[in-house]
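Take a look at the structure below.
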Amino acid sequence: MDRGWLVLGMAALAMVGTLPGRTQGLGLVTEPLLRDFGLDRITYATINLWATLLGAACNIPCGRLVDRWGARGVMTALLLLLGLTVLVMAGATSVAVLAVTITLTRGFGQSALSVVSLAVAGKWFARRINFAMGIYALLVGIGFIAAFPAVGQAVLRYGWRPAWLGVGGVLVALFAPLAWAAVREAPPAEPELAGATGGMRFRDALRTPAFWVFGLASAMFGLVYSGIALFNQSILEQRGFDANVYQMVLVVSTLLGLLANFGGGWLAMRWPIQRLMGLGMGGLAVALAALPEVTTLTGVIGYGVAMGVAGGVVTVVFFSVWSSVFGRVELGRIQGAAQMMTVIASAVGPVLLAAALERTGSYDGMFRVLAGLTAALGLACWRVRMPA
């Protein structure tokens, strides 16, 4: 078997391991955690904002470490650190300890481990990058679709602390040893990657419109998804649906995201990648504009379908665009910078939604604003010129 596929599988598993450091994972414990610590949503969103911003500082240094020292040791160390942090968070009794551990899960998980996972996958493939990243996105989606309901049900049945202890234990005892055993360094770059677009340096990449258009579109996607993921249960409750519907919508959107991952990888081999990103952002804008009008179970399922498909397409483009456009020479730093943009945006998303709810009593106005901005960025993606 081609070693690259084994490494790709471990990279996908590591991305699934970022769950406790991601907004979607934290969203699974948000409601019981708020009750446990007696926190209001604004305070919690503020803690999440600063935790995410501070954690984002890990992106570019981690990318540099991967480019310079390789991914095997970096990935293993990050899985251990993330797992130990989750174990400490499960035993937190003060808001201060909670804030510190959320910050560390953001830094080790959402930021650094995500960069390593993407860089490992991107460095192994050149001609097959779009197909490989479609498979990678599919594997990540399968992992999350198994992890979300499993952790969610554990939280409902046993409480958030025992569930978090289990997650931390799996990271330390299973994922970290697997990373050390499976991950190896990428083979030398293939000949077609020696050109300008294939081997672009970090500073040169920052000078291209494509980097900023794709980066800002990905950041907007992160802002929308983080805000909705953290308060998804509250959003649906405001529309008249209970926690069981929230869990169902999460599974539906993730399942459809899987199909969109595979379809997006297939389309990326046939369509210009900027058109595919524009299509995904357009779908996301439609879902956001429709959400304030949802009043029935059919409507909320339709919303979940639209979010899942749009998210699957945007995700597979985000995974593959940096390697396919800028090559592998300084891929870690390029992806680190792009990831930092998405992480910062994901910190802002929950604050915007919490502030909208406090001031207007509803999330609807903010969803309409975000729909317009998302549509504009989708158009920019459709029209942007790629580096030549």
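The values are calculated or read from the model by the stated rules, or taken from the named source; none is laboratory data. These numbers come from a predicted model, not from an experiment. A quick note on method: Cβ atoms are made from the backbone with ideal geometry, for glycine too, and the neighbour counts reach across all protein chains shown. The protein model used for the area step is the full one, side chains on, heavy atoms only, and it has no ligands, DNA or RNA in it. Shrake-Rupley method; radii C 1.70, N 1.55, O 1.52, S 1.80 Å.
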| message | Need the failing condition index for Val351 against (1) touching a helix residue (DSSP H, G or I) at 6+ places or on another chain (Cβ under 6 Å); (2) more than 24 Å from Leu138 (Cβ to Cβ); (3) β-branched (Val, Ile, Thr); (4) free of Cβ contacts under 8 Å to residues at least 60 places away in the same chain, just the number. | response | (4)
| task | Could you list, in sequence order, all residues of region 243-257 that are open to solvent by less than 30 Å² (accessible area, probe 1.4 Å) and closer than 21 Å to Gly378 by Cα? | result | Ser253, Gly257
| request: Check Gly265, Gly282, Gly278, Gly240 and return the single one that is small (Gly, Ala, Ser), open to solvent by 20 Å² or more (accessible area, probe 1.4 Å) and either part of a loop (DSSP other than H, G, I, E, B) or touching a Phe, Trp or Tyr at 6+ places or on another chain (Cβ under 7 Å) (or both). | output: Gly240
| Selection count, region 30-56, where residues are within 30 Å of Val120 (Cα to Cα) and modelled with pLDDT of 85 or more | 4
| Pairs where the first residue, in region 24-51, is on the phi < 0 side of the Ramachandran plot and without any contact (Cβ under 8 Å) to a residue 40 or more places away in the chain and the second is open to solvent by 30 Å² or more (accessible area, probe 1.4 Å) and basic (Lys, Arg), C-beta under 9 Å, 6+ apart | Leu34/Arg41
| query | When Gly25 is evaluated against the numbered criteria (1) buried (at least 19 other Cβ atoms within 10 Å of the Cβ); (2) more than 20 Å from the chain's Cα centre (by Cα), which criterion, by number, is the only one it fails? | reply | (2)
| message | Considering only region 327-338, I want to know if a residue exists there that is modelled with pLDDT of 85 or more, open to solvent by less than 10 Å² (accessible area, probe 1.4 Å) and among the polar types (S, T, N, Q). | response | no
| request: Report, ordered by the first and then the second residue, all pairs with beta carbons closer than 7 Å, sequence separation of six or more or different chains, a first member in region 68-87 that is in contact (Cβ under 8 Å) with a residue 60 or more places away in the chain, and a second member that is of a type in the set (S, T, N, Q) and open to solvent by less than 40 Å² (accessible area, probe 1.4 Å). | output: Leu82/Thr105; Thr85/Thr101; Thr85/Thr105; Val86/Thr105
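Please return the ranges of helices (runs of 4 or more DSSP H) entirely within region 31-136 where 2 or more residues are of a type in the set (A, V, I, L, M), farther than 30 Å from Trp266 by Cβ and open to solvent by less than 40 Å² (accessible area, probe 1.4 Å). Step through it out loud before you land on a result.
Details: elements: 41-56, 59-69, 72-90, 95-105, 114-124.
It comes to 41-56, 72-90, 95-105.
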| Pairs, first more than 24 Å from Val384 (Cβ to Cβ) in region 281-309, second charged (D, E, K, R) and assigned to a helix (DSSP H, G or I), C-beta under 6 Å, six or more apart | Pro292/Asp364
| message | When you scan region 126-147, do you find a residue that is within 25 Å of Gly73 (Cα to Cα) and at pLDDT below 75, even just one? | response | yes
